[in-house]
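Enquirer: Can you keep this structure in mind? I'll have questions shortly.
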Amino acid sequence: MPPTKKNKKSSRRGSPAGRAAQPRPRRAVDPAGLPPATAQVQNLPPGLTSAKKAPPIPAPAQNLPAGLVPARDSRARLAEAEQPPVAAQPETPPADPADDVPEWAAKAVEKLLTPTYWLDPGESGEPFSATVRFSGRRTDVTGKPEPRDSFWQEETVDGIIPGSGPVAITAEVRGINPGEWTVTARSVARDGGRPYRTYPPPGHDPAASYRVPPPRRVGVPAEAPAAVHTSSLLRSKVPGVVRFAYAPLVGLGVLVGLGVEALLLSHGHYSLFRPMLFSVIAIVAGVIGGKSWYVAVHRGKKFDGWCIQGFVAGAAVVVAAAALAGPGIPAGAYLAAAAPALLIGMAIGRPGCFWAGCCTGRPTAARWGVWSSDRRLGCRRAPAQLLEALSALISGGAVLIVVLVDGLARSGPVAVVGLAAYTLARQFILGLRAEPRVWPYGRRVTGTIAALALVAGIILLVK
């Protein structure tokens, strides 16, 4: 039998007896006699276990310039809120003071950017959608840039109609650091999408002035601004939107309406104190009704708007109750004085919605359309707000003429006729609005009730 070769590795590592005699590294033990992992579990409150580290939320795959990060949106904030609480790290930024205020107030004071991209929809073709990618960097950064010092955000807008003139797409960029920014915007090609050009077209004269179709006088910049500064929502600039127009026009409408009522009561030699007091209460009830109606229509999901139908309903309930309770003058005279005041006041305040960018009409290429914006898409639209103001003015003017001819004492039913005529006309105008219908039978039911009230009012006025 040949001799067995010795294992050289065994000679290098030593014999088994030698290896057993060598000291082994000891595991770290907690003073309580438990391994580290067990000690961590023991330090938790009773009934809790250590939470596993949640995987990071994958960012959408985009071809972005180097160093840009997506702007935070509500979904990302909601995902962060659902994560289990963890110990604060030194790199964690301090809490935002706006977290202690209501959401609507925090949005009003938050610093944001409102960049705008102008495009030419062409002159013919079918309605199409456009996607624009906004990206930017903060230029006044001191020290190491933070993730909130750069952003990218895409805006997709549907229903762009060729032949409607220049179109403005505006983005609200939130979740960024305030300061000076350089923002760029470019179109994003989509499969099956229609190509479009920027506006003004390439090769234009930089000295020429470009505007939207008349009668609006909204200017289109020949070149995108090189630097943009963050601002609050009320001070942000959106093409075609005048932020501070709504409140002054509504306030002016209230004052003019009260003035018309006071003049009619004085002309009829009636006292003013109690009727005017009831009218002020009716205005307060109308404000409450307008907000409540808006919240109910949106099923408690939106709170930042008003509904004119709710205002009319709330004011009408108080006026009717005042007429039954006795406002110090005959009920018919009070109704005849309050109706034209209410309608004329709404005719003055309703254009505030046009300037503020709410209650907008559908995009259209018709020449009777007016260029306006819903604070996101600016284009030629059906002037739904202006048509409502015109219908209120015509109804209020007709009621005022009847009151001046027949006198307050005999013109009580004309109040019902005027309000019913305005409500009925408004149901047709609502068909021009861009917002979707929440209840498909709402216009039919309201229109039917208004038509019955109109017929009843005419019968009473004739008798």
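Each reported figure results from applying straightforward, stated rules to the coordinates on display, with no laboratory input. Fair warning: this is a prediction, and the values are worked out from it, not measured in the lab. Here the Cβ is made from the backbone with ideal geometry for all residues, glycine too, and neighbour counts use every protein chain on show.
Enquirer: Within the set of other residues whose C-beta is less than 15 Å from the C-beta of Ile329, count the net charge using Lys and Arg as +1 and Asp and Glu as -1.
Expert: Charge balance in the 15 Å sphere: +1.
Enquirer: Let me ask another. Just the Cα atoms of the range 179-242, one point each, no solvent: what log10 I(q)/I(0) does Debye give at q = 0.15, 0.19 Å⁻¹?
Expert: At q = 0.15, 0.19 Å⁻¹ the computed log10 ratios are -0.72, -1.05.
Enquirer: While we're here: With equal scatterers on the alpha carbons only and no solvent term, can you work out the Debye log10 of I(q)/I(0) for the range 345-425 at 0.17 1/Å?
Expert: Ignoring solvent entirely, the Cα scatterers give -0.70.
Enquirer: Tell me which residues come under 5 Å, amide H to amide H, from Thr198 once H is placed; ignore anything under 5 positions away on its chain.
Expert: Asp120
Enquirer: Looking at Ala208, Ala227, Val241, which one has the Cα that reaches farthest to the positive end of the dipole of the range 201-246 (charges on Cβ: Lys, Arg +1; Asp, Glu -1)?
Expert: Of Ala208, Ala227, Val241, it is Val241.
Enquirer: Given Cβ point charges of +1 (Lys, Arg) and -1 (Asp, Glu) and nothing else, what value in debye, to the nearest 20, does the dipole of the range 220-350 about its Cα centre take?
Expert: 380 debye
Enquirer: Around Arg216, which amide H atoms from residues at least 5 apart in sequence, or from another chain, sit under 5 Å from its own amide H, with H modelled in the peptide plane?
Expert: Excluding prolines and chain starts, which carry no amide H, the hits are Trp371.
Enquirer: I would also like to ask the following. Would you compute, for the Cα atoms of the range 285-381, the largest minus smallest coordinate along each principal axis and list the three values in descending order, in whole Å?
Expert: Largest first, the range 285-381 extends 52, 33, 16 Å along its Cα principal axes.
Enquirer: Long-range amide H contacts for Tyr210: which residues qualify at under 5 Å (H placed 1.01 Å from N, peptide plane, sequence gap of 5 or more or a different chain)?
Expert: Here Val220 satisfy the definition.
Enquirer: Taking the Cα atoms of the range 317-463, what is the range of coordinates along each of the three principal axes, in descending order and whole Å?
Expert: 50, 29, 26
Enquirer: Rounded to the nearest angstrom and ordered from largest down, what semi-axes does the equivalent ellipsoid of the range 394-456 get from its C-alpha gyration tensor (root of 5λ)?
Expert: 28, 13, 6
Enquirer: Determine ³J(HN,Hα), in whole Hz, for all residues of the range 228-234 in sequence, where each value follows from phi through the Karplus function 6.51 cos²θ - 1.76 cosθ + 1.60 and θ = phi - 60°; x replaces Gly and Pro.
Expert: So the Karplus estimates, Gly and Pro as x, are 10, 10, 5, 7, 6, 4, 5 Hz.
Enquirer: Return the Rg/Rh ratio of the range 424-463 with Cα-based radii and a Kirkwood Rh.
Expert: So for the range 424-463, dividing Rg by the Kirkwood Rh gives 1.13.
Enquirer: For the range 225-360, I need the span (max minus min coordinate) of the C-alpha atoms along each principal axis, in Å, sorted largest to smallest.
Expert: 65, 34, 20
Enquirer: Taking the Cα centre of the range 126-285 as origin and charging only Cβ (+1 Lys, Arg; -1 Asp, Glu), how large is the dipole, in debye to the nearest 20?
Expert: 140 debye
Enquirer: Please report the net charge: other residues with Cβ closer than 11 Å to the Cβ of Pro363, K and R +1, D and E -1.
Expert: Charge balance near Pro363 sits at +1.
Enquirer: Measure up Lys107/Lys291; Lys144/Lys237; Lys107/Lys237 against 24 Å on the Cα-Cα distance and list the ones that go over.
Expert: Lys144/Lys237
Enquirer: Applying a 10 Å radius around every beta-carbon, put 279-290, 223-234 in order of their mean neighbour count, most first.
Expert: Highest-to-lowest ranking by the protection proxy: 279-290, 223-234.
Enquirer: From the phi angles alone, apply the Karplus equation (6.51, -1.76, 1.60; θ = phi - 60°) to the range 131-145 and give each ³J(HN,Hα) in whole Hz, x where the residue is Gly or Pro.
Expert: Each residue's phi maps through the Karplus curve to give 10, 10, 9, 9, 9, x, 9, 7, 8, 9, 6, 10, x, 6, x Hz.
Enquirer: Once you charge only the Cβ atoms, +1 for Lys and Arg and -1 for Asp and Glu, what is the size of the charge dipole of the range 385-463 about its Cα centre, to the nearest 20 debye?
Expert: The calculation lands at about 220 debye.
Enquirer: Right, something else. Lys and Arg at +1, Asp and Glu at -1: add these up for the other residues within a Cβ distance under 13 Å of Ala382 and post the number.
Expert: Value of the local net charge: +2.
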